[in-house]
Structures are given as structure tokens and as C-alpha cells.
1. Can ALA39 be described as in contact with a Ser or Thr (Cβ under 9 Å, 6 or more places away or on another chain), surrounded by 11 or more Cβ atoms within 10 Å (Cβ to Cβ) and modelled with pLDDT under 95?
2. What's the number of the only condition in (1) surrounded by 10 or more Cβ atoms within 10 Å (Cβ to Cβ); (2) in a helix (DSSP H, G or I); (3) acidic (Asp, Glu) that GLU109 fails to meet?
3. Among the candidates HIS79, HIS87, single out the residue that is under 18 Å from ASN37 (Cα atoms), of a type outside the set (Lys, Arg) and either under 15 Å from the mean Cα position of the chain (by Cα) or modelled with pLDDT of 90 or more (or both).
4. Tell me which residues, restricted to the stretch 1-14, are part of a loop (DSSP other than H, G, I, E, B), modelled with pLDDT of 90 or more and surrounded by 10 or more Cβ atoms within 10 Å (Cβ to Cβ).
5. Pick out the one residue from THR6, THR30 that is among the hydroxyl-bearing types (Ser, Thr, Tyr) and out of contact with any Lys or Arg (no Cβ under 9 Å at 6 or more places or on another chain).
6. Hey, can you tell me all the residues within the stretch 64-106 that are among the basic types (Lys, Arg), buried (at least 16 other Cβ atoms within 10 Å of the Cβ) and more than 30 Å from LYS3 (Cα to Cα)?
7. What single numbered condition from (1) surrounded by 17 or more Cβ atoms within 10 Å (Cβ to Cβ); (2) of a type outside the set (Asp, Glu); (3) more than 16 Å from the chain's Cα centre (by Cα) fails to hold for VAL27?
8. Kindly indicate whether MET88 is of a type in the set (A, V, I, L, M, F, W, C) and touching an Asp or Glu at 6+ places or on another chain (Cβ under 9 Å).
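The values are calculated or read from the model by the stated rules, or taken from the named source; none is laboratory data. Just so it is clear, the model here is predicted, and its values are computed rather than measured. Because the Cβ atoms are built from the backbone with ideal geometry, glycine has one as well, and the counts that use them run over all protein chains shown.
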Amino acid sequence: MSKWPTDKHFASWLGLCPDNRISGGTVLATGSRRVHNRARRALRMAAQRLRKSPSYLGAFYRRMRSKLGPAKATTATAHKLATMLYHMLKEKTPYRDRGAADYRQKDHERKIRP
């Protein structure tokens, strides 16, 4: 993982970050870069399978799906998976699932915060 200085570089290499084409302060086009990468494909498939999962990531995917739609939710969840994978491999730490209830609690607190 030393090839990428940060998790953001890793996610960009996978093509899971926004690619905004800007000229003179005007946004010409938005979207994700087209990357032919097996890791990207695997992360996107894993993100799609989280649709019915009772985990923290499953709750995140469902929230993003209701807000952004299925395609963008898949990309957003794959991006989250990529950053988690980067930190797990770089720092050699195991994954700890906090559960969907914890995610809903934090989301509710975020919404009512002034």
C-alpha cells in the first residue's frame, strides 16, 4: 500500500472519486473516471450486495440509494469500502462492524444537530 500516500489517492486510482472537468471556473462535466480495474469491479459488486445487509455499510448503502439513486449509491459505498480496505491493509487492523442501529443513531443525531 506504499504506492499510494493516502486513502484518497487509492480511491482515485480505483476510479471511485468524482472527476470534475472544470475550465475557467465552469464545470463542464462530472462523473467518475472510466477505469478498467479488477479491484474496482470487485468493490462495486461487494457494494451492491450490501443492499439487504444488516450491517453499518448496508445502512449507509440504503441511505445513499434513497438519496442519490442506485448507481451513485454503489459508487459511494465502493469508495467507502476502498478507504476502509486501505486503512485495514496499511495499519494492519481488523474490521469492526458497528451495526445498522449505530449508523441510524448517528444519522439521526446528524440531522437534528443545529
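1. So ALA39 does not fit the description; no.
2. Among (1) surrounded by 10 or more Cβ atoms within 10 Å (Cβ to Cβ); (2) in a helix (DSSP H, G or I); (3) acidic (Asp, Glu), GLU109 violates only (1).
3. On the way: HIS87 fails: under 18 Å from ASN37 (Cα atoms).
Among HIS79, HIS87, only HIS79 is under 18 Å from ASN37 (Cα atoms), of a type outside the set (Lys, Arg) and either under 15 Å from the mean Cα position of the chain (by Cα) or modelled with pLDDT of 90 or more (or both).
4. Once the filter is applied, which keeps residues that are part of a loop (DSSP other than H, G, I, E, B), modelled with pLDDT of 90 or more and surrounded by 10 or more Cβ atoms within 10 Å (Cβ to Cβ), the stretch 1-14 yields TRP4, THR6.
5. Of the residues listed, the single one that is among the hydroxyl-bearing types (Ser, Thr, Tyr) and out of contact with any Lys or Arg (no Cβ under 9 Å at 6 or more places or on another chain) is THR6.
6. Residues of the stretch 64-106 among the basic types (Lys, Arg): 65, 67, 72, 80, 90, 92, 96, 98, 104, 106.
From the residues that got through so far, the ones that are buried (at least 16 other Cβ atoms within 10 Å of the Cβ) too are 65, 80.
ARG65 - this is the single residue of the stretch 64-106 that is among the basic types (Lys, Arg), buried (at least 16 other Cβ atoms within 10 Å of the Cβ) and more than 30 Å from LYS3 (Cα to Cα).
7. (1)
8. Values: of a type in the set (A, V, I, L, M, F, W, C): yes; touching an Asp or Glu at 6+ places or on another chain (Cβ under 9 Å): no.
No: the conditions fail for MET88.
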